[in-house]
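K.L.:
Next up is a structure, given as structure tokens.
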Amino acid sequence: MAQQETEAGAKGVVQLLAAKANKNFADKIAAALARAGYRIADGAFDPNRIDAVLVLWTGVALDDADLIAKARDAWRARRLAPVSIGRVEPPFGAREMTPMDLAGWRGDDEDPRWGFVLTDIEELKLRARIRPPAEESAVSAPLQKTAPPSPKSQPAPAKTPDASPRVEAEKAEQSKPEHPKAEPKTPPQPRQARISPVLKAPRRSVQQTEQLSATLHPARHAWRYHILPAAPAAAGVLALLVLVAGGAYFAAGLRPAVEPAPERTAAPSASEEEPSEEKPEPGASLSLVRLAPGAKAPETAADRTSQQALKDGPFPPVYEAPQEEGPSVTVTAQIREGAITPPAEVMDGLAAEAETQEPEAMQYAALAAPRLKPVPLEGGRPEELAPEAPDAGEVPAEEFNQAALAELASAVEAARAKDRQAYRGDFFSDCAGCPDMAALEGGPFTMGAPREEAGRQSTDGPQRRVDIGYRFAIATRETTFDQWALCVEEGGCRAYVPADEGWGRADRPVINVSYEDAAAYARWLSAKTGRHYRLPSEAEWEYAARAGTGGAYSSGEAISAEEANFDASETAPVTAFRHNAFGLFGMHGNVQEWTLDCWAPSHNGGPSTGAARIDGDCSRRVVKGGAWNASGSSVRSAARRPADTERRASDTGFRVVRVLD
């Protein structure tokens, strides 16, 4: 069996594959490998020289075709050890090898995740040492058809140094023929050798298996050799239990419910007898009865009992209006129309009931009916209602109804305005001179531009679902020159005074500021207020810019020069154009704004929680919103472009955010 020799002074040889944008993180991995005793190999992948290939999967790496091809070669040779930054789905081999997530790793050798990576490398190194010659030839040489060698010149197979004597004896016993045969007159023609492109796992001896198992981490050893083999049996037992429980539940549902027999008690006396509820007759069923408009519902036994109790109980006599021929009208309606005059006792009861009502209910009652006045009676019987002259300050019923309707319409419009204000969020400012902030609830939204969106660039996609699961506040306007001047006066903002290009300062957006300048303003604001301010992530910025919409702009699929500042000659005051549904000004045009995200050429592999992306090219950051000198397609909500962190330009500004408690 071919043995791969380790280079002198090295524990093993490892090749590292990473995108150029992930150079900083790859350098940390290389330094940790060097501390562990491994040598980093460069150049093309050579299975006879390299023990393992460590690939760093990130969103940027998924767009690198050359890196994917190199990693695929190592995967086919079973030498690949994948790691990732965050949850990244590799382009191949996801079922066989799940990348170890090293997000947040700072190069610590004691990190358990890094220990698992070293274990994977040791396993691959051991596999490279004990691979059979057939596998080595299949990996190192291309598949080609050649003439078979002569049987006389074919060398004898070398003995496996790791094989035990017992295994060698078994092989020798199996190679002996059962019955000797005579030599044929003509030598048999050798068969064509076939080299299969499918690499099968080598058959290891007991000693090799024990040596390979010893290099595994205890947790992985238990998972691979104890838990996984028992998984099918456990799944079968669980399925059987579920089947039995489901059958029992179904059988219990079919069994008729047995009602307990009613207890027999002594019959109550006549004085203690109470009306009982009417029980349905055997075999009776419920049914719905359609009534004609204005028809009276059928009377039930409970209604008859309650009416009898009202007549016989200790209640004061209720005045009943005399029935007249004609359409049936309720007593309340007759009182409201002035047809009858109720007794004083009834009016006193109505007044007491009105006093117990809620204020809001009394207001609606006042809008529904005119105020009633008690009329004194003679002999306990009502008199004909005499017409009275209206009071000087009394409003006629017709004018009163019109005024009530107008007041009700005003109240509805005010409620709608309040709802719109609540949709835009709450607004606050943490100090004098601090930016005005709009509190947003967060939530799910679709980030990126669809393929059919006009002006879409390849860097604007693909679309993906992002769920911001926290509340945050964002400045309603871009940071102005006045706000920046306050920061400089109080010793912040690196004492830098940016130029205004002769367009004016005051309430215009501050320009000619770099990413580091904007971050310095956020640090000063945090120190001044005691709250944590920072630049927004790209997801937070786009969520705020869309304001609950799904089009190219917050105003729809198109935008005009009256709605945003683009294709112009200079900046405009920060409130010169209309705000969006969240109450935010200037989210389209005026100045492009810095975000926290490192640049990546697409949304592949980006966080889905609203957090900033830090696995891209952090020497450049994402800027959003477009600027005064950009075209209309560049100010879309999904538009994005990179900018060097030290770049100071007249088309770039920023706004800040604050995470709420």
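The values are calculated or read from the model by the stated rules, or taken from the named source; none is laboratory data. Bear in mind the structure is a predicted one, so any value in this text is a computation, not a measurement. Don't worry about glycine lacking a Cβ; one is built from the backbone with ideal geometry, like all the others, and counts go over all protein chains shown. To get the accessible areas, we keep the full protein, side chains included, count just its heavy atoms, and leave off ligands, DNA and RNA. Shrake-Rupley method; radii C 1.70, N 1.55, O 1.52, S 1.80 Å.
K.L.:
So who's got an amide H within less than 5 Å of the one on ILE468, skipping anything under 5 residues away but keeping other chains? H placed 1.01 Å off N, in plane.
P.N.:
GLY443, PHE445
K.L.:
Then there's this: How far is it, in nm, from the label point at GLU489 to the one at LEU240 when both lie 7 Å from their Cα along the line to the Cβ?
P.N.:
Placing both labels 7 Å along Cα→Cβ, they lie 8.2 nm apart.
K.L.:
Based on the alpha-carbon gyration tensor of segment 504-545 and its eigenvalue square roots a ≥ b ≥ c, which shape applies: rounded if a/c is under 1.5, prolate if not and a/b is larger than b/c, or oblate?
P.N.:
Note, shape of segment 504-545 comes out oblate.
K.L.:
How far apart, in nm, are the 7 Å Cα→Cβ label points at ASP27 and ALA411?
P.N.:
6.9
K.L.:
Take the residue pairs LYS23/LYS70; LYS23/LYS125; LYS28/LYS125; LYS70/LYS624 and return only those whose Cα atoms are more than 27 Å apart.
P.N.:
Distance filter (> 27 Å) returns LYS70/LYS624.
K.L.:
In square nanometres, what is the average projected area of the Cα convex hull of segment 431-550?
P.N.:
Projected over every direction and averaged, the Cα hull of segment 431-550 covers 9.1 nm².
K.L.:
Still on this model: Sorted by accessible area with a 1.4 angstrom probe, largest first, how do VAL244, VAL510, VAL488 fall?
P.N.:
Largest accessible area first, the list is VAL244, VAL488, VAL510.
K.L.:
Quick one: if the Förster radius is 22 Å, what FRET efficiency do GLU110 and ILE227 give, using the C-beta to C-beta distance and rounding to 0.05?
P.N.:
Plugging the Cβ-Cβ distance into 1/(1 + (r/R0)^6) gives 0.25.
K.L.:
To the nearest Å, what is the center-to-center distance of segment 23-84 and segment 550-583, using C-alpha atoms only?
P.N.:
If we compute the Cα centre of each part, the gap is 47 Å.
K.L.:
Within segment 513-557, find all residues whose amide N lies under 19 Å from a label point positioned 7 Å from the Cα of ALA103 along Cα-to-beta-carbon.
P.N.:
536-543
K.L.:
Could you state the accessible area per residue of segment 567-661 in Å², with a 1.4 Å probe and every protein chain left in place?
P.N.:
Computed with neighbouring chains in place, this is 33 Å² per residue.
K.L.:
For SER650, which sequence-distant residues (separation of 5 or more, or a different chain) have an amide H within less than 5 Å of its own amide H, given hydrogens modelled in the peptide plane?
P.N.:
Answer set, sorted by chain and number: ASN512.
K.L.:
Ok, one more. Tell me, what is the per residue accessible area of segment 7-71 in Å², probe radius 1.4 Å?
P.N.:
42
K.L.:
Could you give the nm distance between label points at ASP467 and PHE427, where each point is 7 Å from its Cα heading toward the beta carbon?
P.N.:
Placing both labels 7 Å beyond Cα along the Cβ direction yields 3.2 nm.
K.L.:
Okay, next question. Please list the non-local residues whose amide H lies under 5 Å from the amide H of ALA41, H modeled 1.01 Å from N, same-chain partners needing a gap of 5 or more.
P.N.:
The list, which skips near neighbours in sequence, is VAL14, GLN15, LEU16.
K.L.:
For segment 489-540, with all protein chains present and a 1.4 Å probe, just round the carbon and sulfur fraction of the accessible area to a whole percent.
P.N.:
Carbon and sulfur together cover 45 percent of it.
K.L.:
Does a label point 7 Å from the Cα of SER633, set along Cα-to-beta-carbon, have any residues of segment 433-468 with amide nitrogen under 19 Å, and which are they?
P.N.:
Backbone N within reach: 448-463.
K.L.:
With θ taken as phi - 60° and the coefficients 6.51, -1.76 and 1.60, list the Karplus ³J(HN,Hα) couplings across segment 84-91 in order, rounded to whole Hz; mark glycine and proline as x.
P.N.:
Couplings: 8, 10, x, 7, 10, 7, x, x Hz.
K.L.:
So what are the ³J(HN,Hα) numbers for segment 456-465, from phi and the Karplus equation (6.51, -1.76, 1.60; θ = phi - 60°), rounded to whole Hz, Gly and Pro as x?
P.N.:
Computed from phi, the couplings for segment 456-465 are 5, 10, 5, 6, 8, x, x, 5, 8, 8 Hz.
K.L.:
What does the charge count around PRO498 come to, taking other residues whose C-beta lies under 14 Å from its C-beta (Lys +1, Arg +1, Asp -1, Glu -1)?
P.N.:
It works out to a net charge of -3.
K.L.:
Using a 1.4 angstrom probe and counting only protein chains, how large is the accessible area of TYR470 in Å², to 10?
P.N.:
Accessible area, nearest 10 Å²: 70 Å².
K.L.:
While we're on this one: Provide HIS579, HIS532, HIS588 ordered by accessible surface of protein heavy atoms (probe 1.4 Å), highest first.
P.N.:
HIS532, HIS579, HIS588
K.L.:
Which of rounded, prolate or oblate describes segment 1-90 when judged by the alpha-carbon gyration tensor and an a/c cut-off of 1.5?
P.N.:
Note, shape of segment 1-90 comes out oblate.
K.L.:
Loop-only trypsin sites (Lys or Arg not before Pro) in segment 574-642, please: DSSP not H, G, I, E or B, and at most 12 other Cβ atoms within 10 Å.
P.N.:
Within segment 574-642, the qualifying trypsin sites (Lys or Arg not before Pro) (loop, at most 12 other Cβ atoms within 10 Å) are ARG578.
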